[in-house]
Amino acid sequence: MPELPDATYVSIAPDWVCEVLSPSTAALDRVEKLPLYGAHGVAHTWLVDPDTRTLEVHRLDGRTLRLIATHRDAEHVRAEPFDAFELDLALLWQR
């Protein structure tokens, strides 16, 4: 985006979306939002679930987001599109 728009919304799909799941929104995020992100061309989506301590990594395949990896607990991961750096998942679950 070369300059900030005047509108109160952005009409360009982001390259990456991260959803932190909660019991009250997990079904909405998986069943409704994930297909919508794919249809609008979001290239990468992460679903972070603090209850199951998992990170799901999805990549756009055509107009569908496909699960390409699931990481859990205290793994050290390199997850698209930020695979240039290592993420310590244990940091996500700290209280």
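The values are calculated or read from the model by the stated rules, or taken from the named source; none is laboratory data. What you see is a predicted model, and the numbers here were worked out from it, not measured in a lab. Virtual Cβ from ideal backbone geometry, glycine too; neighbours counted across all protein chains shown.
Some points to look at:
- If you go through segment 32-85 and pick out every residue that is within 19 Å of Ser22 (Cβ to Cβ) and free of Cβ contacts under 8 Å to residues at least 12 places away in the same chain, you end up with 2.
A quick yes/no check of all residues on (1) touching a Gly at 6+ places or on another chain (Cβ under 7 Å); (2) under 25 Å from Val10 (Cα atoms); (3) at pLDDT below 95:
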position	(1), (2), (3)
Pro23	no, no, yes
Ala39	no, yes, no
His44	no, yes, no
Val48	no, yes, no
Thr52	no, no, no
Val57	no, yes, no
Asp61	no, yes, no
Arg66	no, yes, no
His71	no, no, no
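- One residue stands out among those in segment 17-35 that are among the charged types (D, E, K, R) and surrounded by 13 or more Cβ atoms within 10 Å (Cβ to Cβ): the one that is farthest from Thr54 (Cα to Cα), which is Lys33.
- For the residues Val17, Val31, the requirement of being among the β-branched types (Val, Ile, Thr), over 22 Å from Ala90 (Cβ atoms), touching a Ser or Thr at 6+ places or on another chain (Cβ under 9 Å) and not in a loop (DSSP other than H, G, I, E, B) singles out Val17.
- Selection from segment 36-74 of residues that are in contact with a Leu (Cβ under 7 Å, 6 or more places away or on another chain), surrounded by 16 or more Cβ atoms within 10 Å (Cβ to Cβ) and outside any strand (DSSP E or B): Tyr37, Gly38, Val42, Ala43
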